[in-house]
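Let me begin by presenting the structure, written as structure tokens, before commenting on it.
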Amino acid sequence: MSNSLDTYLILSGMLFAIGSFGFLARRNAISMLMSIELMLNAVNLSIVAFAAFGAFGTTQQGVGVGSVIALMVMAVAAAEATVGLAIVIAIYRNKRTPLVDEYDAMRQ
Amino acid sequence: MSGIEALAPLLLILPLAGFAITALIGRRLHKQAHWIPVLAIGAVWLIAMGLVIQVLTEAAPIISGEGEYAVHGFEMHLFTWIPAGEFVVDVGLVIDPLTACLLIVVTTIGLLVHVYSIGYMSHDPGYWRFFAYLNLFMFSMLLLVLADNWLVVFVAWELVGLSSYLLIGFWYRKRSAMLAAKKAFIVNRVGDVGFALGIMAIFINTGAASEGATLNIRDSIHAMLELGDANPIPLFAVALLLFAGAMGKSAQFPLHVWLPDAMEGPTPVSALIHAATMVNAGVYLVARANPLFATSTDAMVIVAAIGIFTAILAASIAMTQTDIKRVLAYSTLSQLGYMFAALGVGAFTAAIFHLMTHGFFKGLLFLGSGSVIHAVHEEQDMRKMGGLGRKIPITYATMLIGSIAIAGIPPLAGFFSKDEILGEAFKFGFYWVWGIGLFVALLTAFYMFRLMGLTFWGEFRGPKEIWDKIHESPRVMTVPLILLAIPSVLLGLAVGLPLGDSTLLHWLEPVFHEAEEILQLPHKPYALFGIDGVLILASVAVAAIGVALAWRFFGVGIGPIRMPSRPEAVREWAARVPFLYRASLNKWWFDELNDLLFIRVGGRLAHAMWWFDREVVDGTVNAVGRRTVATGGGLRRVQTGRVQNYALGIALGLIVMVVSYLLLASGI
């Protein structure tokens, strides 16, 4: 395994696949939130890798762009996780269960 | 210029203000509610007379034409009503000799009817409402004759229709009155559609002229005449559309059915609206558009034919009616038919002459019949009257004058105007109009003196206790009768002389000059000892025969002329012509015919259309709605409400997008 872009992208793809599978397969809301984090981090990894291998330009600024975007995604992910957890807790208080297939209030 | 024309807008403002004030606070004025309306109309009368004198003595400035045929009058622009680009409607007043003649009739009879109503309506709980409506009517009618714009005339046309509706249905708790009001309104709508289409046709026609589209009456007629055959819509059609409006308002066959029923309204209303003024609006309209009609000989013949047919139809019905007001209503129809016949043969002046004289004597007869009805305690059936001449002498004397006038006995007013119509019809070559007209004159004399015989002569046929209580009406009612009797006697002598070259002819000649020139009517010198004398003798003779026949059947008691009524002879004659008798009694079954055509057949048709609308039109719309709802119901299953189903959808969608991108990028 050499130090190439492909290595990072394969890792990123594997992480994303695991995250997707977790989101689709797990019934626990907390696990699903964790899967979302995994997917976001997979994306972050690919962005940073792209930047490091010069996809946004080889100048110092071009490399910096990737870091900035990654930081932004982290901030948004943190916010999302907060809101998501708050919602899950709120629903949990009503439903007394963390399992999403029990959450059917929106279903007519 | 005396400045009196500055007062002309008051002719409209005063009645409108009278209506508004009385409508708003009239209820609180109780028995004093008549003051404002009566004073308003009194002032209107004074102003109108001032203007009329100025116009008819040619003291007013010239507004059109020149030389011998210059039209003297007043014109004024009030305001621009609709300024919408090319479409501009100006509201203005015009008082030419034709309007002046109408003003005399409308304001004089209007004022007298207002005064009469003080007595006639005094016990009615809707006293104030009645006067408010009367003033609204006066406003509308004056606007109708004063307006210089087709659209404004149309608005006034609808307003008189509205006031007529309100006043026919004045006793709205009475079912028959309400139905009669609706009938009048609906039948008038039929004619009004024609009138509205006619106005639109005028607008389109004048749009082709160089000055651009206009709805000003005089300008539009001139523009259309200049275009001649190049008009987008033939003048023939325009004339007939306008005439359709006139037929509705003036109750000409086949739209005549509303007028007899309109007698459900209070009698002063019958006198003012349904005898002397509003029903003349159609005659006025045709006279106003005279050059338009003159260009189309066919339209003129249709006007004459419908007029004279209505005249004989209505006269034949009037022969057997027993309701005193209905006899007068059919008589009004018949006389209006005369006026249209005169317009149709080209005798415009004669038509307006008859309009004026008829307005006065028919107004008188109606007010007189109101006085009779009052005297016999709201009884309208003449079979329960008789001998009233002894009890109510003033009503009797004035109604006798009215009857002589309408019968056409010289030298009363009706003789002059009716003779002029018949004479001109004969001289212009319309022998059929003359022949039928002469026969109608006989019928007129007959049914009027039948009315007089049944009402005033012979013995009273009603209950004895009513006979004892019969008394003459109060002075507020008899004075208008006397005042109306004066023009009924003198109007013909005043404006109808010298024969063949009358004062009225001089007044109106400038207005009708154009039409007469287009028609190229023969101007034969008047021959009192020739053809004209013979014609006069003929019409007086038939009138006398009619009167004599009525006397023989229904009796008479004027001074030394005494004859008993002979009901058995009436029955015998009725039995001899059973069909004609029943036809007359049943008004030639026109109400039944309308019932069959419009209620039964029309109702079926409407029902079929309703079915089509419900099943096909609504059915289509509802089917679309139902299918949409069903589809939505099916698609609703997609929305499971489970987060992971949605997530799967997103993931699958992403995969589809990525795969299709890769396939496209690899160039397959």
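Numbers at a glance
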| quantity | calculated |
| --- | --- |
| Number of the condition not met by residue A:80 [criteria: (1) within 13 Å of chain B (Cβ to nearest Cβ); (2) closer than 30 Å to residue B:636 by Cβ] | (1) |
| Single condition residue A:46 does not satisfy, out of (1) in a loop (DSSP other than H, G, I, E, B); (2) touching a helix residue (DSSP H, G or I) at 6+ places or on another chain (Cβ under 6 Å); (3) among the polar types (S, T, N, Q) | (1) |
| Any pair with Cβ under 7 angstrom, 6 or more apart, that starts in segment B:389-412 at a residue that is in contact (Cβ under 8 Å) with a residue 12 or more places away in the chain and outside any helix (DSSP H, G or I) and ends at one that is crowded, with 19+ Cβ neighbours inside 10 Å and aromatic (Phe, Trp, Tyr) | B:408/B:415; B:409/B:415 |
| Test: residue in segment B:463-477 that is closer than 18 Å to residue B:328 by Cβ, outside any loop (DSSP other than H, G, I, E, B) and in contact with a helix residue (DSSP H, G or I) (Cβ under 9 Å, 6 or more places away or on another chain) | yes |
| Qualifying residue in segment B:253-261 (condition: touching a Phe, Trp or Tyr at 6+ places or on another chain (Cβ under 7 Å) and more than 29 Å from residue B:428 (Cβ to Cβ)) | yes |
| Unique match (being surrounded by 15 or more Cβ atoms within 10 Å (Cβ to Cβ), at pLDDT 90 or above and under 17 Å from residue A:8 (Cβ atoms)) among A:51, A:70, A:81, A:77 | A:70 |
| Members of segment B:152-209 that are touching a Leu at 6+ places or on another chain (Cβ under 7 Å), buried (at least 21 other Cβ atoms within 10 Å of the Cβ), among the hydrophobic types (A, V, I, L, M, F, W, C) and under 13 Å from residue B:248 (Cα atoms) | B:157, B:160, B:187, B:195 |
| Spans of strands (runs of 3 or more DSSP E) in segment B:25-138 with at least 3 residues without any contact (Cβ under 8 Å) to a residue 24 or more places away in the chain and of a type outside the set (Gly, Ala, Ser) | B:74-84 |
| Qualifying positions in segment B:651-661 - more than 10 Å from chain A (Cβ to nearest Cβ), within 22 Å of residue A:23 (Cβ to Cβ) and either small (Gly, Ala, Ser) or within 60 Å of the chain's Cα centre (by Cα) (or both) | B:653 |
| Selection from segment B:417-433 of residues that are assigned to a helix (DSSP H, G or I), under 18 Å from residue B:311 (Cα atoms), of a type outside the set (Asp, Glu) and touching a residue at least 40 places away in the same chain (Cβ under 8 Å) | B:417, B:418, B:421, B:422, B:423, B:425, B:426, B:432, B:433 |
| Candidate set from segment A:54-74 (those that are among the small types (Gly, Ala, Ser) and assigned to a loop (DSSP other than H, G, I, E, B)); member that is farthest from residue A:3 (Cα to Cα) | A:57 |
| Flag for residue B:217 being among the β-branched types (Val, Ile, Thr), crowded, with 24+ Cβ neighbours inside 10 Å and over 14 Å from the mean Cα position of the chain (by Cα) | no |
| Candidates B:538, B:608, B:548 - the one that is more than 18 Å from residue B:445 (Cβ to Cβ) and either aliphatic (A, V, I, L, M) or touching a residue at least 40 places away in the same chain (Cβ under 8 Å) (or both) | B:608 |
| Within segment B:589-643, helices (runs of 4 or more DSSP H) holding 1 or more residues that are within 14 Å of chain A (Cβ to nearest Cβ) | B:618-635 |
| Any chance residue B:400 is more than 25 Å from the chain's Cα centre (by Cα) and at pLDDT 90 or above | yes |
| Candidates B:505, B:535, B:580, B:521, filtered to the one that is surrounded by 13 or more Cβ atoms within 10 Å (Cβ to Cβ) and not in a helix (DSSP H, G or I) | B:521 |
| Residue check for residue B:230: within 22 Å of residue B:99 (Cα to Cα) and without any contact (Cβ under 8 Å) to a residue 60 or more places away in the chain | no |
| Residue identified as in contact (Cβ under 8 Å) with a residue 12 or more places away in the chain and more than 14 Å from chain B (Cβ to nearest Cβ) among A:100, A:65 | A:65 |
| Candidates B:648, B:664, filtered to the one that is within 14 Å of another protein chain (Cβ to nearest Cβ), in a helix (DSSP H, G or I) and closer than 30 Å to residue A:18 by Cβ | B:648 |
| Enumeration of residues in segment A:1-39 that are facing chain B (nearest Cβ under 10 Å) and either loosely packed, with under 14 Cβ neighbours inside 10 Å or small (Gly, Ala, Ser) (or both) | A:20, A:21, A:25, A:29, A:35 |
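Results for (1) among the hydroxyl-bearing types (Ser, Thr, Tyr); (2) within 34 Å of the chain's Cα centre (by Cα), shown as yes or no for each residue.
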position: B:537; (1), (2): no, yes
position: B:545; (1), (2): no, yes
position: B:564; (1), (2): no, no
position: B:608; (1), (2): no, no
position: B:620; (1), (2): yes, no
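The values are calculated or read from the model by the stated rules, or taken from the named source; none is laboratory data. Since this is a predicted model, take the numbers as computed values, not measurements. We place every Cβ from the backbone using ideal geometry, glycine too, and count neighbours over all the protein chains shown.
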